[in-house]
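Only one structure is covered here, and it is reproduced in the block below.
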Amino acid sequence: MTNVMDTLRARGFVKQTVYEEDLYKLLGSESVRFYTGFDPTADSLHVGHFMQLIAMKHMQDAGHRPIILIGGGTAMVGDPTGKTDMRKMMTRETIDYHVECFKKQMSKFIKFEGDNAAIIVNNADWLLKLNYMDFIRDVGVHFSVNEMLRAKCFETRLERGLSFLEFNYMPMQGYDFLHLFKEYGCVLELGGDDQWSNILAGANLIRVKEKKPAYAMTFTLLTTSEGKKMGKTEKGAVWLDENKTSPYEFYQYWRNVADDDVENCLKLLTFLPLDKIAELVKYNDERINVAKEVLAFELTKLVHGEEKAAKAQSMAKAAFGGGGELPEKTINVEAPTIIPVLVAAGICASNGEARRLIQQGGVSLNDDKVTDINAPVKSGDVLHKGKKVHVKIILK
């Protein structure tokens, strides 16, 4: 059996672990049941979840068994990690719908059949049945308030005010690990490094209550070389749902990452061999664009399939003068001039935004910069917004 920790280390995943030597031996000697949690706060996963899915696939491919925990119960409390305000409460019906959406998207990455088939669980199934007095006596007694207040996950919220509701999040996540240990034999929790305090709490809870080994491992967060979280655009999050972020937009996001971020993204988010990645990124000139194209294609293929990835790549090449097929937008406007067309095509959100963009020199029609706010648009014309948005307009 391949020791997956070697793979994860070589590709830059591992940030923190506990009992690292024992965990390394365990991962190299037997199939380990591990879990990763996902909060169902939207009806789609986004790029922020992407690295967790890739890590889970590395683990599963190495023979280990994933347990995917959907936080249907903890989502009713809200994870305070990194938040300045308390999250909006969600109904059980909304959470259940989000859970179903997650399952469909995860099946593109994780196997749900075979010897180490993934298991999906929803912590609402046990958290909503808890007796509060039993919980605080059985679990809460093992959590030090002083240590919890020093935890990094509470730092931001303490400045604005941390509710008692949110203060329960860490013990509840710790209880999740204990429950999965008892019911499924789960001995390892994985997650982003911003979850270190919560993950460590669960491993410690098992060791204290069950007197048996349990482990924690966190991964580096997906950030740019400047330290900013990746996966955000002017429109908001980069979603895995093509109805929220189209395959073309998804492709373009990765095609346009900074030169300094390409190698890290290829290691963390694709399954390309490390020697091939090294070959792709060895140039510090325009040849790095080849690596960007490979990154964009590989990730779009993973999320949307090879056919849609190929089409997105073709559209991108057409937009930048390399042949191929541009994305098209069919619209119906009474007066097909530049401003209403920009709005109807979804390129701008309002007439005011379109006017400002034209005045700032950010719009081109075919090969010409637009300066006239009343410029006519014909069917088949190509509109360009800056360097990243290129759309062929079809008028009804």
Condition check for Glu189: under 30 Å from Arg137 (Cα atoms), surrounded by 21 or more Cβ atoms within 10 Å (Cβ to Cβ) and among the acidic types (Asp, Glu): yes
Residue check for Ala296: over 19 Å from Leu45 (Cβ atoms) and either hydroxyl-bearing (Ser, Thr, Tyr) or modelled with pLDDT of 90 or more (or both): no
Scan of the range 247-273 for residues that are farther than 29 Å from Trp196 by Cβ and in contact (Cβ under 8 Å) with a residue 24 or more places away in the chain, ordered by number: Pro247, Tyr248, Phe250, Tyr251, Gln252, Arg255, Asn256, Asp259
Leu128 open to solvent by 40 Å² or more (accessible area, probe 1.4 Å) and modelled with pLDDT of 85 or more: yes
Enumeration of residues in the range 40-61 that are surrounded by fewer than 20 Cβ atoms within 10 Å (Cβ to Cβ) and either polar (S, T, N, Q) or outside any helix (DSSP H, G or I) (or both): Thr41, Ala42, Asp43, Ser44, His46
Residue within the range 207-222 that is of a type in the set (Lys, Arg), open to solvent by 40 Å² or more (accessible area, probe 1.4 Å), touching a residue at least 60 places away in the same chain (Cβ under 8 Å) and assigned to a helix (DSSP H, G or I) present: yes
Selection within the range 321-336 - of a type outside the set (Gly, Ala, Ser) and either at pLDDT 85 or above or outside any strand (DSSP E or B) (or both): Glu325, Leu326, Pro327, Lys329, Thr330, Ile331, Asn332, Val333, Glu334, Pro336
Residue list for the range 170-195, restricted to those being within 21 Å of the chain's Cα centre (by Cα) and at pLDDT below 90: Gln173, Asp194, Gln195
Pair list, Cβ under 7 Å, 6 or more apart: the range 4-23 residue loosely packed, with under 13 Cβ neighbours inside 10 Å, other residue modelled with pLDDT of 95 or more: Ala10/Leu274; Asp22/Pro213
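The values are calculated or read from the model by the stated rules, or taken from the named source; none is laboratory data. As the structure is a computational prediction, the values presented were derived from the model and not from experiment. A quick note on method: Cβ atoms are made from the backbone with ideal geometry, for glycine too, and the neighbour counts reach across all protein chains shown. Quick note on the areas: whole protein, heavy atoms, side chains included, nothing else; ligands and nucleic acids left out. Shrake-Rupley method; radii C 1.70, N 1.55, O 1.52, S 1.80 Å.
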